[in-house]
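What follows is one structure encoded as structure tokens, with my remarks underneath.
The values are calculated or read from the model by the stated rules, or taken from the named source; none is laboratory data. Everything numeric in this text was worked out from a predicted model, so none of it was measured. Here the Cβ is made from the backbone with ideal geometry for all residues, glycine too, and neighbour counts use every protein chain on show. Just the protein is used for accessible areas: all its heavy atoms, side chains included, with ligands, DNA and RNA removed. Shrake-Rupley method; radii C 1.70, N 1.55, O 1.52, S 1.80 Å.
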Amino acid sequence: MTELVTISLGERSYEILIGQGAWSIAQRLAAVSPERRYAVLADANVLRLHKDFVETGLGHLQIAGAPIEIPEGETAKSFGMLEIVLSQLLERALERGDAIIAIGGGVTGDLAGFAAAIYKRGIDVIQVPTTLLAMADSSVGGKTAINMPQGKNLVGAFHQPRLVVADFAFLDTLPKRQLLAGYAEIIKAALIGDADFFDQLEYSNRDSLTALHLQAHLKTAIQFKADIVEADEREAGQRALLNFGHTFGHALESDAKGALLHGEAVAAGMALAFDYSVRLGICPENDARRVKDYLKLVGLETGLGSLPGAPFTAEAMVERMRHDKKNAGGAIRLVLARGIGNAFIHEVADEADLLNFLKDKIQ
Ligand SMILES: NC(=O)c1ccc[n+]([C@@H]2O[C@H](COP(=O)([O-])OP(=O)(O)OC[C@H]3O[C@@H](n4cnc5c(N)ncnc54)[C@H](O)[C@@H]3O)[C@@H](O)[C@H]2O)c1
């Protein structure tokens, strides 16, 4: 069954189709404008694994040329690759009224979304996320970016998609490790602002990764993100809460030099955020325990010594956090929690204490 979440942003409103069968519904796109041509940007692995399925979804659309293949991995989010993509769009003579269909994980979606934002001053993009992380998080909300040698996602634009199509058929081939990493972003929604949702996740235990539970949880997480994006599209305020676990997580991710997946880093980062909140005396210890127990139960590691990419260095992590693009006025800005479902923005007053906290955790 395909379900629907709508993001209401005036003329930039769009629908997110979720579940088995969503991709076949995407053919409705053809009815929107029979004149419109589409360029397909697709993750190379997804094209290889789902070639026929991808083609069935594109059946009645006017496709401009062969799919533009995006090589796997974070390095594809680069200026070099962006230039290749833009040249290919020009070669296909894509016009302002045409659109890009991005089929892949967050890497393909972020790159394609940014290309769409700047090609001929902006064309439509349809996001077809094929990883759980991209379904739960990156395809929704309009953030697009590429990386710079100085750090991840430093150059980009807000560019809302025209439609998001999250078909579970793609998940059949997704490695378990990638699936779990995406699940971390679903848990994140509960921890930020929905304690009842966290109860549901706990009750559904390991079986939560069956398609039925997963679809329900994914829809709740997407609806949660949709509500926040509607209220604060450009992250002037509460949208920053969606960075829960990310400041610690990005520091771990860059220290791990590619060994740690984004969602794995976020999971460990969320555990750190809870532990640091307990240390500051603002969160009950029992909540932090429940969160870490649940992450462990589903298979997400939180012990810094056991994470891929260990050992980590507290000094390097704090240095990385100092340069986080979410900071303002020179202070490190973290999202912490007063408890499960009650996250808030916190500016670090005592960096030395943060460093000691991380040293304790790394030991
Ligand atoms: N824009 C946002 O709001 C936002 C939010 C979160 C993360 N991100 C970005 O998303 C990226 C991470 O996304 P990701 O985890 O999807 O990584 P990814 O796009 O690199 O995909 C992970 C791996 O899975 C493979 N893959 C994709 N779909 C598959 C499928 N159906 N079957 C088998 N293999 C498949 C890919 O080839 C790749 O090797 C990061 O660059 C991160 O910065 C963006």
Practice task
Give the whole-number value, in cubic angstrom per residue, of the convex hull volume spanned by the C-alpha atoms of the chain.
Solution key: 123 Å³
Handout entry: Accessible-area ranking of H250, H323, H213, largest first, probe 1.4 Å
Key = H323, H213, H250
Handout entry: Surface share of carbon and sulfur [accessible, 1.4 angstrom probe, percent] for the chain
Key = 51 percent
Exercise for the section: With only Lys, Arg, Asp and Glu charged, each at its Cβ (+1 for the first two, -1 for the last two), find how big the charge dipole of the chain is about the Cα centre; round to the nearest 20 debye. Expected result: 380 debye
Practice task
Would you kindly find the accessible area of R92, with a 1.4 Å probe and non-protein molecules such as ligands, DNA and RNA excluded, rounding to the nearest 10 Å²?
Solution key: 40 Å²
Exercise for the section: For the stretch 319-336 and the stretch 113-151, write down the distance between their C-alpha centroids in whole Å. Expected result: 23 Å
Handout entry: Surface accessible to a 1.4 Å probe, S138 within the full protein complex, Å²
Key = 30 Å²
Completion exercise
Sorting H323, F168, L355 by the position of each Cα along the dipole of the chain (Lys, Arg +1; Asp, Glu -1; all at Cβ), the one nearest the positive end of that ordering is H323
Exercise for the section: Estimate the FRET efficiency between L280 and K359 by the formula 1/(1 + (r/R0)^6), using the beta-carbon distance for r and 22 Å for R0, to the nearest 0.05. Expected result: 0.85
Completion exercise
Taking a probe of 1.4 Å and leaving out DNA, RNA and ligands, the chain shows per residue an accessible area in Å² of 42 Å²
Practice task
Averaging sequence separations of C-alpha pairs under 8 Å and six or more residues apart, then dividing by the length of the stretch 3-173, give the relative contact order as a whole percent.
Solution key: 25 percent
Practice task
Give me the net charge of D43's neighbourhood, meaning all other residues with Cβ under 10 Å from the Cβ of D43; Lys, Arg count +1, Asp, Glu -1.
Solution key: -1
Completion exercise
For the table K51/K176; K292/K326; K257/K326; K51/K326; K120/K325; K325/K361, the rows whose alpha-carbon distance is greater than 31 Å are K51/K326
Exercise for the section: May I ask which residue of G305, F224, S78 lies farthest towards the positive end of the charge dipole of the chain, with charges of +1 (Lys, Arg) and -1 (Asp, Glu) on Cβ and the Cα centre as origin? Expected result: S78
Completion exercise
One finds, for E91 and D350 with R0 = 51 angstrom and r their Cβ-Cβ distance, a FRET efficiency to the nearest 0.05 of 0.40
Completion exercise
Looks like the stretch 254-352, by Cα gyration tensor root eigenvalues a ≥ b ≥ c and the a/c under 1.5 rounded cutoff (else prolate when a/b is bigger than b/c, oblate otherwise), is oblate
Handout entry: Computed accessible area, T130, all protein chains, 1.4 angstrom probe, square angstrom
Key = 10 Å²
Completion exercise
Cross-link reach from K152 to aspartates and glutamates, straight Cα distance under 12 Å and at least 8 residues apart if same chain, gives E74, D110, E253, D324
Practice task
Choose one of L49, I7, G182: the residue whose Cα lies farthest towards the positive end of the charge dipole of the chain (beta-carbon charges +1 Lys, Arg; -1 Asp, Glu; about the Cα centre).
Solution key: L49
